[in-house]
Amino acid sequence: MLSTLLTSMSLITGTPAAPVQWTAPPQCPDQAQAQALVDAELAEITALDRETLEIQGTVRPDPPGFVLEVVLHSAEGNIERSVRLEDCDVAAEALALVVAIAVDPRRAPDRDASPIEPTDASPTDAAPTDAAPTEPAPAETNPADASAPSGAASTKPEPEPERRSSFETSTEPEGAAPGRDRPEAIRSRVPRAAVSIGGGVGLGVLPTTGGQVEGAAAAVWRRARLGVQLDYWVRRRARLPGTRIGGNLSIISARLVGGAIVPWRRLEFPFLGFVGVGTLIAQGAGLDESSTSAVLWAETGARAGIQWFVRPWLGLGAHAEFLVALVRHTFVLSNTEVVTRTGPVGGGVRAGLEFRFP
């Protein structure tokens, strides 16, 4: 109801909305509520250039509460703010207040105490016009003006300070050491830990299509990740035509994986590259005396996927990958008959779970 009402108010006033990109856990206010509250706050600022203003709000768990990260982009610069919240229910209201103060610092005083901003008028200016006049306090006078008639005293009011709605590119208080007084902002740049497990099917490198299993650990920032992954290509069969003689092949490798993440609400779109080294294991089959050999395996490639976070700490994901074999091997029998040769390229599709903490 609140979201609908505020949205209607924004439409009635005709004020163009500044787009809000909102990412928050399910228990927090949604995108519509955040946009409506921000629109209501900015509707009071008529000098604001909304066409060049973009707002990003991200809420993440930070026990025992939450942290709201706000990034504002404008033609005059960027502003970053980080606010600690005890309850996620007020996240959208906090976003709207942070944005309003950032674009107009004069709104920082408590606006609930009086609709008149303290810097715009004195308490006597806000009093009813029919109230009894009060005797002004004696003012200090300059000796040079002492001879002037009392009726010539100047009654010209002080000029009202210029109201500004532009951004200040500096995010530090005056006189403060850069970054020293913003522990929340520094903390927000610390990566989260991620552990994932998954599996799928792969083809192209080994003789037949078959299963794959993976396990990974990574450091995850908002728009990037870097980690390691253990990969296992389940054993595949290779046989001489019309016989049961041949071998079984499998691959175990360790990968370094890293790249960019594109976040959108509760979704993430990772675009990652990897390089891996490991062992290709071949075991003879159908022979009186079977042997096992292990040779070097090396690969590189890229993958792209999607992850949906049903909880801030639990994500469901899937990705497709393409790889290039940096080494190739040919397996033969003792009589020089070729059993199989590894392929130059391969690929696969996988799905799995990812756990993030804290």
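The values are calculated or read from the model by the stated rules, or taken from the named source; none is laboratory data. The shown structure was predicted, so the numbers you read here are calculated from the model rather than taken from an experiment. Here the Cβ positions follow ideal geometry from the backbone for every residue, glycine too, while neighbour counts run over all protein chains shown.
Points worth noting:
- Scanning the stretch 44-67 for residues that are closer than 12 Å to residue 99 by Cβ and in a strand (DSSP E or B), we see that the one that is modelled with the lowest pLDDT is 54.
- Checked against the criterion of being modelled with pLDDT of 75 or more, among the polar types (S, T, N, Q), within 22 Å of residue 266 (Cβ to Cβ) and part of a loop (DSSP other than H, G, I, E, B), the candidates 35, 27 yield just one match: 27.
Results for (1) farther than 30 Å from residue 314 by Cβ; (2) surrounded by fewer than 17 Cβ atoms within 10 Å (Cβ to Cβ); (3) touching a strand residue (DSSP E or B) at 6+ places or on another chain (Cβ under 7 Å); (4) of a type in the set (Gly, Ala, Ser), shown as yes or no for each residue.
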site	(1), (2), (3), (4)
199	no, yes, yes, yes
208	yes, yes, yes, no
213	no, yes, yes, no
217	no, yes, yes, yes
226	no, yes, yes, no
229	no, no, yes, no
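- Of all the listed residues (274, 331, 309), the sole one being closer than 30 Å to residue 26 by Cβ and either hydrophobic (A, V, I, L, M, F, W, C) or in contact (Cβ under 8 Å) with a residue 40 or more places away in the chain (or both) is 309.
- Every residue from the stretch 237-264 that is surrounded by 14 or more Cβ atoms within 10 Å (Cβ to Cβ) and of a type in the set (S, T, N, Q): 248, 250, 253
- Count - residues of the stretch 287-313 that are part of a strand (DSSP E or B) and modelled with pLDDT of 90 or more: 17
- In the stretch 220-236, the count of residues that are in contact (Cβ under 8 Å) with a residue 60 or more places away in the chain, in a strand (DSSP E or B) and of a type in the set (Lys, Arg) is zero.
- Taking the listed residues 354, 321, the one that is at pLDDT 95 or above, part of a strand (DSSP E or B) and over 26 Å from residue 25 (Cα atoms) is 321, with no other qualifying.
- Restricting the stretch 327-358 to residues that are of a type in the set (A, V, I, L, M, F, W, C) and surrounded by 15 or more Cβ atoms within 10 Å (Cβ to Cβ), the residue that is nearest to residue 195 (Cα to Cα) is 349.
- Count of residues meeting criterion [under 38 Å from the mean Cα position of the chain (by Cα) and polar (S, T, N, Q)] in the stretch 210-249: 2
- Among residues of the stretch 68-85 being out of contact with any helix residue (DSSP H, G or I) (no Cβ under 7 Å at 6 or more places or on another chain) and at pLDDT below 85, the one that is nearest to residue 36 (Cα to Cα) is 73.
- Checked against (1) more than 17 Å from the chain's Cα centre (by Cα); (2) aliphatic (A, V, I, L, M); (3) modelled with pLDDT of 80 or more, residue 9 meets all criteria but (3).
- Looking across the stretch 187-219, the residues that are part of a strand (DSSP E or B), without any contact (Cβ under 8 Å) to a residue 60 or more places away in the chain and over 30 Å from residue 83 (Cα atoms) come down to 210, 211, 213, 215, 216.
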